[in-house]
Amino acid sequence: MRCVVLLFVVSVFASLPAAAQLADPSVTINDKFSERIDIGISTNEIAITSDFSGADITVFGAIDGADELLLATFAYDVVVALEGPRKTSTVRRKERVAGIWINRHSIRFEPIPASYSMSSTRPLPDIANLMELASRDIGIDNIRLVPTGGVGDGSRLTEFREALRRIKQASGLYQRDPTGVQFISKALFRATVRLPANIPVGQHKVRAVLYKNNQFVMEKVIPLRVVKTGLEQFIYNFAHVYSLAYGVIAVLLATLTGWLGSVIFRKD
Amino acid sequence: MTIYLPIAELSVNIFVILGMGAAVGFLSGMFGVGGGFLITPLLIFYNIPPAVAVATGANQVVASSVSGALAHFRRGTLDIKLGLVLLVGGLAGATVGIQIFSMLRRLGQLDLIISLLYVVFLGSVGGLMLWESIISLRRAAKNKPVSLRKPGQHNWVHRLPFKMRFKRSKLYLSVIPVIMLGFAIGVLTSVMGVGGGFIMVPAMIYLLRIPTSVVIGTSLFQIIFVTAFTTVVQAATNFSVDIVLAWLLMIAGVIGAQYGVRVGQKMRGEQLRAGLALLVLGVGIRLGFDLVLPPDEIYSVVSGSFGF
């Protein structure tokens with residue numbers, strides 16, 4: 001679905017000769033405005049090392065062609081979000097059956113970002129209306145949660161959606177900082193987004209969205225890869241590609257450790 | 001100090017993991033059990049995904065049972081023939097258990113079944129052992145001889161066919177109950193991530209009437225192979241063995257076990273059995289409460305591979 005939409009946008013732009021350079025899928029522009037947003041990060045790869053315990057990444061950006069007066073009256077708003085790779089999620093609900101709590105109902109949702117860390121200049125409701133934010137998947141409460149397969153009578157769908165958002169936030173995978181984007185000089189801003197310790201590895205993207213007087217102006221997306229490094233990466237790959245050999249090695253390591261233990265501490 | 005676990009895909013505090021390993025190693029050295037029934041629930045309490053906790057627990061038990069079995073082998077308290085017969089059943093049981101494990105994970109009931117099995121087995125084994133050890137403690141207080149094995153006394157188990165002679169254990173016993181016991185333990189090993197020593201030891205003593213002296217060594221001997229088999233199959237089918245986590249637990253466990261053994265040697269058999277019974281019962285009751293008490297969060301989310 002997403003692919004189709006993307007292709008459609010691209011083909012529309014491609015048919016307009018003047019807008020040919022806008023065919024870049026990482027950019028979405030509202031043609032009513034002349035302001036442009038651009039962002040940069042110091043790296044396009046975050047390495048998870050063995051002592052990784054979360055990290056802050058700082059995104060710098062600028063608004064091109066910003067009106068000085070509007071800047072002074074805080075008419076521009078910026079939302080910066082780091083979105084993790086999309087994964088399907090299953091939400092299960094426990095119910096009491098014969099005295100014990102067991103998983104009874106479950107709803108599967110179409111792929112959603114496995115992690116979502118967002119910073120903005122102001123709380124989202126002050127930046128744009130709900131419809132607008134929802135149409136662009138901006139904000140934890142606005143990420144589209146589309147169930148797949150059976151949902152029963154659907155009466156619990158809202159609860160399941162809320163639970164998914166609540167649990168994602170409780171685990172630190174979804175977070176927001178409504179004052180995390182700050183203007184450091186006229187049109188320059190700095191955004192801090194937090195990566196939790198349990199950040200999923202894979203292709204993430206940094207989305208920066210510019211609003212002017214509650215209206216969408218432009219969105220810029222840059223990719224960011226989160227990768228395991230060195231030994232962690234090696235072990236993970238080995239465990240998945242040569243899983244049988246990995247199991248045998250795990251057993252040999254255990255045998256060796258146990259044997260060493262009994263030899264080192266042998267008293268007789 | 002944190003360390004990133006490559007398979008569980010999260011960062012943990014290295015000292016918490018080492019502490020867990022050492023504490024469980026101490027208790028397993030003291031009571032002569034593998035400690036899998038303690039390590040797996042502890043890992044789950046510490047937010048390690050249950051699938052990883054179970055598979056990694058099995059891997060850790062390999063190390064502690066190798067260590068223990070070698071000590072028993074040197075002392076001559078290991079009946080290899082009996083161990084091999086148990087193993088036949090054990091490997092078959094583990095094969096079936098892995099299938100059950102994968103199926104439960106698909107159905108989303110893995111956590112429940114693991115908890116239920118723990119509650120049922122820890123509760124009943126702990127209760128029975130406590131009962132028995134209280135009786136023998138009281139008998140010991142009256143200075144009467146304590147004997148678990150009453151020679152000449154037979155139960156239905158000893159009337160079964162296909163008998164085999166086990167020299168080291170001084171037994172002439174049908175292979176059917178031995179293989180069946182091995183099979184049951186094999187299933188539990190792969191579903192619960194335990195060696196099954198805490199069930200195997202009492203079953204061998206009370207059900208098969210095998211002399212207590214060879215029970216622990218023989219049980220450890222067969223547990224090595226069943227847990228090794230489970231580790232390999234879990235790694236190959238579920239990719240859920242975290243070698244970094246397992247190794248940290250082993251190192252701390254092997255060291256902790258040495259101190260446990262020393263403390264254990266200063267205690268009397270009945271006291272040890274009573275202590276183990278209380279420990280087993282305690283873990284069972286703790287897990288039982290979790291099943292019965294209303295949970296803080298009745299929803300749970302599984303994304304991608306192991307969920308969180």
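The values are calculated or read from the model by the stated rules, or taken from the named source; none is laboratory data. Because the structure is predicted, anything quoted here is derived from the model rather than measured. Because the Cβ atoms are built from the backbone with ideal geometry, glycine has one as well, and the counts that use them run over all protein chains shown. For accessibility, only protein heavy atoms count, side chains too; no ligands or nucleic acids. Shrake-Rupley method; radii C 1.70, N 1.55, O 1.52, S 1.80 Å.
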Report task. Using just the helices of chain A, give the 222 nm mean residue ellipticity in deg cm²/dmol: DSSP H runs with n ≥ 4 each add -39,500 (n - 2.57), and the total is spread over all residues, rounded to 500. Result -> -8500 deg cm²/dmol
Report summary line: Expressed in angstrom and rounded, the centroid-to-centroid distance over alpha carbons for region B:1-48 and region B:176-249 is 18 Å
Report task. Distance from a point 7 Å along Cα→Cβ of A:ASP67 to each backbone N in region A:123-138: keep the residues under 18 Å and list them by number. Result -> A:127-128
Requested in this report: Could you provide, to the nearest whole Å², the per residue accessible area of the protein assembly as shown with probe 1.4 Å?
Outcome: 46 Å²
Report task. Using Cα positions and a limit of under 28 Å, work out the lysines in reach of A:LYS87, with same-chain residues fewer than 8 apart set aside. Result -> A:LYS168, A:LYS205, A:LYS220, A:LYS228
Query raised in the report: ³J(HN,Hα) across region B:247-260 via Karplus (A = 6.51, B = -1.76, C = 1.60, θ = phi - 60°), whole Hz, x for Gly/Pro?
Result: 5, 4, 5, 5, 4, 5, x, 4, 5, x, 4, 4, 5, x
Query raised in the report: Between B:VAL88 and A:THR148, what is the label-to-label distance in nm when each label sits 7 Å out along the Cα-to-Cβ direction?
Result: 4.7 nm
Query raised in the report: Label-point separation (nm) for B:VAL16 and A:PHE60, each offset 7 Å from Cα along Cα-to-Cβ?
Result: 3.7 nm
Report task. Specify the longest stretch of chain B that does not include any exposed loop site, a site being one of the trypsin sites (Lys or Arg not before Pro) with a non-H, G, I, E, B DSSP assignment and at most 16 other Cβ atoms within 10 Å. Result -> B:1-141
Query raised in the report: Excluding same-chain residues fewer than 8 positions from A:LYS32, which aspartates and glutamates have a Cα within less than 20 Å of its Cα?
Result: A:ASP24, A:ASP64, A:ASP67, A:GLU68, A:ASP77, A:GLU132, A:GLU219
**Report entry** Backbone N under 16 Å from the A:TRP259 label point (7 Å along Cα→Cβ), restricted to region B:69-96
**Finding:** B:69-74
Report task. Could you tally up the Lys pairs in chain B with alpha carbons closer than 27 Å? Skip any pair fewer than 8 positions apart unless they're on separate chains. Result -> 12
Report task. Could you give the spread of the C-alpha atoms of the protein assembly as shown along their three principal axes, from largest to smallest, in whole angstroms? Result -> 100, 53, 43
Query raised in the report: Taking amide H positions as placed 1.01 Å from N in the peptide plane, with prolines and chain starts having none, which residues 5 or more places from B:ASP242, or on another chain, fall under 5 Å of its amide H?
Result: B:THR56
Query raised in the report: Can you put B:SER136, A:SER171 in order of accessible area, largest first, using a 1.4 Å probe?
Result: A:SER171, B:SER136
Query - Per-residue HN-Hα couplings for region A:217-229 [Karplus 6.51, -1.76, 1.60; θ = phi - 60°; Hz; x = Gly/Pro] - result: 10, 6, 10, 10, 10, 10, x, 9, 9, 10, 10, 6, 10
**Report entry** Mean ellipticity per residue at 222 nm, deg cm²/dmol - from DSSP H runs of n ≥ 4 across chain B, formula -39500 (n - 2.57)
**Finding:** -24000 deg cm²/dmol
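Using a Förster distance of 30 angstrom, determine the FRET efficiency expected from the C-beta separation of A:GLU110 and A:VAL227, and round it to 0.05. Please list the in-between numbers first.
Values: r = 26 Å, r/R0 = 0.85.
Computed FRET efficiency for A:GLU110 and A:VAL227: 0.70.
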Requested in this report: Kindly compute the accessible surface that chains B and A hide from a 1.4 Å probe when together, both sides summed, and give it to the nearest 100 Å².
Outcome: 4800 Å²
Report task. Compute the distance in nm between two label points, each set 7 Å from the Cα along the Cα-to-Cβ direction, one at B:GLN271 and one at B:THR212. Result -> 1.4 nm
Report summary line: Given backbone amide H placed at 1.01 Å from N, residues whose amide H is under 5 Å from that of A:LEU195, ignoring those fewer than 5 places away on the same chain, are A:ALA55, A:ASP56, A:ILE57
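How much of the pair distance distribution for region B:151-308 lies past 22 Å, counting alpha-carbon pairs only, in percent?
59 percent
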Report task. Kindly express, to the nearest 10 degrees and within the range 0 to 90, the angle between helix A:2-15's C-alpha long axis and the longest C-alpha principal axis of chain A. Result -> 30 degrees
Requested in this report: Be a star and scan region B:205-232 for residues whose amide nitrogen sits under 17 Å from the point 7 Å along the Cα-to-Cβ vector of B:LYS167.
Outcome: B:214
Report task. List, in order, the whole-Hz ³J(HN,Hα) value for each residue of region A:73-87 obtained from phi through the Karplus relation with A = 6.51, B = -1.76, C = 1.60 and θ = phi - 60°; use x for Gly and Pro. Result -> 9, 6, 7, 8, 10, 10, 10, 10, 10, 9, 10, x, x, 7, 9
